[in-house]
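Asks: First the structure, then my questions, so here it is.
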Amino acid sequence: MAGKTLYDKLWDAHLVTEREDGSALIYIDRQIIHEVTSPQAFEGLRLAGRKPWRTGASVATIDHNVPTTPFKSAAEIVDQTSRIQVQTLQDNTREFGITEFGIGDVRQGIVHVMAPEQGAVLPGMTVVCGDSHTSTNGALACLAHGIGTSEVEHVLATQTLVAKKMQNMRVAVEGDLGPGVTAKDVVLHIIGIIGTAGGTGYAIEFAGSAIRGLSLEGRMTICNMAIEAGARAGMVAVDQTTIDYVEGRPFAPKGEDWDKAVDYWRTLVSDADAEFDAQVNIDAADIRPQVSWGTSPEMVVPVDAMLPDPQAESDEVKRSGMQRAYEYMGLKPGIPVTDIQVDRVFIGSCTNSRIEDLRAAAEVAKGRRKADSVKQVLVVPGSGLVKQQAEKEGLDKVFIAAGFEWREPGCSMCLAMNPDRLEAGEHCASTSNRNFEGRQGNGGRTHLVSPAMAAAAAVAGHFVDIRELDQA
Amino acid sequence: MEKFIRQEGLVAPLDRANVDTDQIIPKQFLKSIKRTGFGPNLFDEWRYLDEGFPGQDSSQRPKNEGFVLNQPRYQGASILLTRRNFGCGSSREHAPWALMDFGFKAIIAPSFADIFYNNCFKNGLLPIVLSEDNVEALFRAVEGKEGLRITIDLEQQQVIPESGEPLAFEIDEFRKHCLLNGLDEIGLTLNEADTIRAYEARRAEREPWIFQ
Ligand code: SF4
């Protein structure tokens, strides 16, 4: 019999019972809750007179709706509906006895930055959250994926989820990454190859020497965008980097439990003879810094390329999608990526708002200044703790000296549910994960890039190849 | 949850692939803390010429007359016909809520994004996967005949056009059972509370830190 993949192992370890029709009940170790997708779930519990199954399994924070300018209480949030959601989460978590890192708590931040940072996500866990980028947490060798609000309620009430086993896909990136090529470029390159539906129905394990060479933060960036490749869950096997990351975090096991945990965690790798349903091999040397040009994350090209010609696309559905994207983006096939002018820059989101992302952006910003043509550069740390660390390293000063704005933690301009947003027609170099129409504001035009590339675009006023920045 | 057994209705064609949940219900409407009332803002950016915001009276807004759901011939549609990878993007359950609040009972496409597909069933909305060819044929039929209605028979797992052969579709048994009987999944799962507790006891032996 063939060995097991990492995903097989995680699935088997959480199987509570299988039903005749092939669906199963899997146990959920950790649920992360935020203000947007939870109110209706709590309302459902209340209506049915149900209690959470295990309150300790959940941790909550506010992120999507919070302003990124300082505020001290929900009452100070100007937008009424945002204020109600933030307040509702506070009320619900208090009523049901769930831990919340709320307003003014240094641990508050984007769900997928806060949870691993606290050690609330540990290797071998099943992790869910009413947010599709829950896949981020798979970097810690967990089975982590987004769920809908009814499922949030189901997990609260039963600590389980009705699920069907996904198929296994292995994406192996072998070799060394070139200079200026980051985790973000790797994952954009992968999506460019397999497409936004390429991973549908699969759990993707990211493997290979280039992935192993990444920090845990870099692996989170990759797993974060598994969903943009269509896969609900992305994951990376346990190695020393994983263990070192977890050690000493507030929710991590201590003492004897720690040793026992580490022994178990080390088994969380795919067996050498495991069989995958699909395998994608990528040569790290082929990956160049990436820039998305269209309205789907698969519409991505290397920074030194020209925008692609829809006429060369044989799939009719894809071709018309490209044409529509060109119209929306106000761009033309054949122009060099570096000719695209940038109006605003956003450095943040659960994809790229951890300390190493801010360091990478600061390195570019240091001693340089934002181009006059760029209206605004937002730098938004992923959590209060990331912000604190960045300030300790003086990164905030570097950004401010460069004319960038240093903000409070939250989702910010990733999705324009809060005051940070694009105006219609504006082009934004963004380190977030989605470039859909209107994502960053009605009519806004998003270009997905790495933190260093975003900072470089802020300085130049248009996209530049980060590898040539010094000559520029 | 309402039962879904057989549904006969008017079909509206949305001829786009990769329709994402931001498009189905734009983010400014996610701030509600209720499950209902999203219908007027379904496909908001396509349906109206101005920018929508929550709490507005949408009946007074300028409509994009070209958009399919605004065309007189598709008024009262309860079945949405669309292209591949429908519902991709964010996991918001507001997407099926908005589709249902608008009046859709079923969606037919060559493929759906996973989370969206799942969310539909939790709310009694039926997503039906048909082959690209069958979807294409339905598109042609809908364009060719104003007021085209079809019947969806969940029991038999068939899409039955007014004329022509019934088209069979696949559906997971458990989901079918829940839809046919309008069953609440949480109640069903809680019937197995003892099994869940026994599982927890086993896990706590092996990984006590999970339960601290
Ligand atoms: S940063 Fe963006 S993608 Fe991440 S959780 Fe917030 S809104 Fe979602």
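Asks: Looking at the stretch A:6-34, which of its residues are part of a loop (DSSP other than H, G, I, E, B) and facing chain B (nearest Cβ under 9 Å)?
Replies: Let us first name the residues in the stretch A:6-34 that are part of a loop (DSSP other than H, G, I, E, B), namely A:19-23, A:28-29, A:34.
A:Arg19, A:Glu20, A:Asp21, A:Gly22, A:Ser23, A:Asp29, listed by residue number.
Asks: Something else about it: Only one of A:Ala401, A:Ala429 is more than 14 Å from every other protein chain (Cβ to nearest Cβ) and touching a strand residue (DSSP E or B) at 6+ places or on another chain (Cβ under 7 Å); which? Even if it seems obvious, please write down each step before you answer.
Replies: Numbers: A:Ala401 fails: touching a strand residue (DSSP E or B) at 6+ places or on another chain (Cβ under 7 Å).
One residue alone meets the criteria, A:Ala429.
Asks: Name the residue that is surrounded by the fewest Cβ atoms within 10 Å (Cβ to Cβ), counting only residues in the stretch B:53-106 that are within 16 Å of the ligand (Cβ to nearest atom) and part of a loop (DSSP other than H, G, I, E, B). Spell out the reasoning first.
Replies: Residues of the stretch B:53-106 that are within 16 Å of the ligand (Cβ to nearest atom), as a first pass: B:88-95.
From the residues that got through so far, the ones that are part of a loop (DSSP other than H, G, I, E, B) too are B:89-93.
Values: B:Gly89: 26, B:Ser90: 30, B:Ser91: 30, B:Arg92: 28, B:Glu93: 30.
Applying the filter and picking the extreme gives B:Gly89.
Asks: Consider the stretch A:20-51. How many of its residues are loosely packed, with under 15 Cβ neighbours inside 10 Å and within 21 Å of B:Cys178 (Cα to Cα)?
Replies: Kept after step one, since they are loosely packed, with under 15 Cβ neighbours inside 10 Å, are these residues of the stretch A:20-51: A:20-22, A:46-49, A:51.
If we keep only those that are within 21 Å of B:Cys178 (Cα to Cα) too, we end up with A:20-22, A:47-48.
Here the count works out to 5.
Asks: Okay, moving on. Only one of (1) of a type in the set (S, T, N, Q); (2) open to solvent by 10 Å² or more (accessible area, probe 1.4 Å); (3) at pLDDT 95 or above; (4) within 16 Å of the ligand (Cβ to nearest atom) fails for A:Thr99. Which number is that?
Replies: Unmet condition: (4).
Asks: Next up: Could you please let me know if A:Lys260 is open to solvent by less than 20 Å² (accessible area, probe 1.4 Å) and either more than 14 Å from chain B (Cβ to nearest Cβ) or in a helix (DSSP H, G or I) (or both)?
Replies: Working: open to solvent by less than 20 Å² (accessible area, probe 1.4 Å): no; either more than 14 Å from chain B (Cβ to nearest Cβ) or in a helix (DSSP H, G or I) (or both): yes.
No: the conditions fail for A:Lys260.
Asks: Based on what the data block shows, is A:Gly49 more than 9 Å from every other protein chain (Cβ to nearest Cβ) and under 30 Å from B:Phe29 (Cβ atoms)?
Replies: Details: more than 9 Å from every other protein chain (Cβ to nearest Cβ): yes; under 30 Å from B:Phe29 (Cβ atoms): yes.
Spelling it out, A:Gly49 is indeed more than 9 Å from every other protein chain (Cβ to nearest Cβ) and under 30 Å from B:Phe29 (Cβ atoms).
Asks: Would you confirm, using the coordinates I've provided, whether B:Ala109 is open to solvent by 10 Å² or more (accessible area, probe 1.4 Å) and within 13 Å of another protein chain (Cβ to nearest Cβ)? Break it down stepwise before answering.
Replies: Details: open to solvent by 10 Å² or more (accessible area, probe 1.4 Å): no; within 13 Å of another protein chain (Cβ to nearest Cβ): yes.
Taking the combined requirement at face value, the residue does not satisfy it.
Asks: Still on this structure, I have one more. Would it be correct to say that A:Ala371 is within 14 Å of chain B (Cβ to nearest Cβ) and surrounded by fewer than 23 Cβ atoms within 10 Å (Cβ to Cβ)?
Replies: On the way: within 14 Å of chain B (Cβ to nearest Cβ): no; surrounded by fewer than 23 Cβ atoms within 10 Å (Cβ to Cβ): yes.
Criteria not met by A:Ala371.
Asks: Which one of these is of a type outside the set (S, T, N, Q) and within 10 Å of the chain's Cα centre (by Cα): B:Ile115, B:Ile107?
Replies: Working: B:Ile115 fails: within 10 Å of the chain's Cα centre (by Cα).
Every option except B:Ile107 fails the conditions.
Asks: Ok, one more. With of a type in the set (A, V, I, L, M), more than 12 Å from every other protein chain (Cβ to nearest Cβ) and either farther than 24 Å from B:Ile210 by Cβ or more than 16 Å from the ligand (Cβ to nearest atom) (or both) as the only criterion, which of A:Ala115, A:Ala74 stands out? Reasoning before the result, please.
Replies: On the way: A:Ala115 fails: either farther than 24 Å from B:Ile210 by Cβ or more than 16 Å from the ligand (Cβ to nearest atom) (or both).
After applying the criteria, what remains is A:Ala74.
Asks: Right, here's the next one. Scan the stretch B:81-101 for residues that are closer than 15 Å to B:Gly124 by Cβ and either more than 12 Å from chain A (Cβ to nearest Cβ) or in contact with a strand residue (DSSP E or B) (Cβ under 8 Å, 6 or more places away or on another chain) (or both) and jot them down.
Replies: Narrowing the stretch B:81-101 to residues closer than 15 Å to B:Gly124 by Cβ: B:93, B:95-101.
Once the filter is applied, which keeps residues that are closer than 15 Å to B:Gly124 by Cβ and either more than 12 Å from chain A (Cβ to nearest Cβ) or in contact with a strand residue (DSSP E or B) (Cβ under 8 Å, 6 or more places away or on another chain) (or both), the stretch B:81-101 yields B:Ala98, B:Leu99, B:Met100, B:Asp101.
Asks: Scan (1) surrounded by 13 or more Cβ atoms within 10 Å (Cβ to Cβ); (2) farther than 30 Å from A:Gly201 by Cβ; (3) within 28 Å of the chain's Cα centre (by Cα); (4) touching a residue at least 40 places away in the same chain (Cβ under 8 Å) for the single condition A:Arg83 breaks and write down its number.
Replies: Evaluating A:Arg83 over (1) surrounded by 13 or more Cβ atoms within 10 Å (Cβ to Cβ); (2) farther than 30 Å from A:Gly201 by Cβ; (3) within 28 Å of the chain's Cα centre (by Cα); (4) touching a residue at least 40 places away in the same chain (Cβ under 8 Å) leaves (4) as the failure.
Asks: I would also like to ask the following. Of all helices (runs of 4 or more DSSP H) completely enclosed by the stretch A:374-472, which ones contain at least 3 residues that are open to solvent by 30 Å² or more (accessible area, probe 1.4 Å) and either within 14 Å of the ligand (Cβ to nearest atom) or under 22 Å from A:Met220 (Cβ atoms) (or both)? Working first, answer last.
Replies: On the way: elements: A:384-392, A:395-401, A:451-460.
Per the criteria, A:384-392.
Asks: Turning to a different aspect of this structure: Restricting the search to the stretch A:338-356, which residues are surrounded by 24 or more Cβ atoms within 10 Å (Cβ to Cβ) and not charged (D, E, K, R)?
Replies: A:Val342, A:Val345, A:Phe346, A:Ile347, A:Gly348, A:Ser349, A:Cys350, A:Thr351, A:Asn352, A:Ser353, listed by residue number.
Asks: Out of all the residues in the stretch A:125-149, which are touching a Pro at 6+ places or on another chain (Cβ under 9 Å) and at negative phi? Show your work before the answer.
Replies: Looking only at the stretch A:125-149, we keep the residues that are touching a Pro at 6+ places or on another chain (Cβ under 9 Å), and these are A:136-137, A:139-142, A:148-149.
Correct list: A:Thr136, A:Asn137, A:Ala139, A:Leu140, A:Cys142, A:Gly148, A:Thr149.
Asks: Here are the criteria: (1) surrounded by 15 or more Cβ atoms within 10 Å (Cβ to Cβ); (2) in contact with a His (Cβ under 9 Å, 6 or more places away or on another chain). Tell me which single one A:Glu298 does not satisfy.
Replies: For A:Glu298, the exception is condition (2).
Asks: Check every one of the helices (runs of 4 or more DSSP H) wholly within the stretch B:120-212 and list those with 1 or more residues that are open to solvent by 60 Å² or more (accessible area, probe 1.4 Å) and more than 10 Å from chain A (Cβ to nearest Cβ).
Replies: On the way: elements: B:132-144, B:173-181, B:185-190, B:193-206.
Ranges flagged: B:132-144, B:173-181, B:193-206.
Asks: Which of the residues spanning the stretch A:283-329 are over 24 Å from A:Arg439 (Cα atoms) and touching a residue at least 24 places away in the same chain (Cβ under 8 Å)?
Replies: A:Asp283, A:Ala284, A:Ala285, A:Asp286, A:Ile287, A:Arg288, A:Asp304, A:Ala305, A:Met306, A:Asp309, listed by residue number.
Asks: Tell me which residues, restricted to the stretch A:271-288, are outside any strand (DSSP E or B) and open to solvent by less than 30 Å² (accessible area, probe 1.4 Å). Before you say what the answer is, go through the steps one by one.
Replies: Restricting attention to the stretch A:271-288, the residues satisfying the condition of being outside any strand (DSSP E or B) are A:271-273, A:275-277, A:284-288.
Within the stretch A:271-288, A:Ala284, A:Ile287 meet the criteria.
Asks: Does any residue of the stretch B:1-21 turn out to be assigned to a helix (DSSP H, G or I), crowded, with 19+ Cβ neighbours inside 10 Å and either out of contact with any helix residue (DSSP H, G or I) (no Cβ under 9 Å at 6 or more places or on another chain) or within 14 Å of chain A (Cβ to nearest Cβ) (or both)?
Replies: We begin by selecting, within the stretch B:1-21, every residue assigned to a helix (DSSP H, G or I); these are B:21.
Restricting the remaining residues to those that are crowded, with 19+ Cβ neighbours inside 10 Å gives B:21.
Restricting the remaining residues to those that are either out of contact with any helix residue (DSSP H, G or I) (no Cβ under 9 Å at 6 or more places or on another chain) or within 14 Å of chain A (Cβ to nearest Cβ) (or both) gives B:21.
Within the stretch B:1-21 (the criterion being assigned to a helix (DSSP H, G or I), crowded, with 19+ Cβ neighbours inside 10 Å and either out of contact with any helix residue (DSSP H, G or I) (no Cβ under 9 Å at 6 or more places or on another chain) or within 14 Å of chain A (Cβ to nearest Cβ) (or both)), the answer is yes, since at least one residue qualifies.
Asks: Right, another one. Looking at the stretch A:406-419, I want the residues that are more than 16 Å from A:Val36 (Cα to Cα) and have a partner that is acidic (Asp, Glu) and within 10 Å of the ligand (Cβ to nearest atom) with Cβ atoms under 9 Å, at least 6 apart or on another chain. Which pairs are those?
Replies: Short answer, once both residue conditions are applied: A:Pro409/A:Asp63.
Asks: Among the residues in the stretch A:85-97, are any of a type outside the set (A, V, I, L, M) and within 30 Å of A:Leu216 (Cβ to Cβ)? If you could, list the steps in order and put the result at the bottom.
Replies: Keep residues of the stretch A:85-97 that are of a type outside the set (A, V, I, L, M), which gives A:85, A:87-88, A:90-97.
Now drop any that are not within 30 Å of A:Leu216 (Cβ to Cβ), which leaves A:93.
Within the stretch A:85-97, one or more residues are of a type outside the set (A, V, I, L, M) and within 30 Å of A:Leu216 (Cβ to Cβ).
The values are calculated or read from the model by the stated rules, or taken from the named source; none is laboratory data. It should be emphasised that the depicted structure is a prediction, and the values quoted were computed from it without experimental measurement. Cβ atoms come from the backbone with ideal geometry, glycine included; neighbour counts cover every protein chain shown. Only protein heavy atoms, including side chains, enter the accessible area calculation; ligands, DNA and RNA are left aside. Shrake-Rupley method; radii C 1.70, N 1.55, O 1.52, S 1.80 Å.
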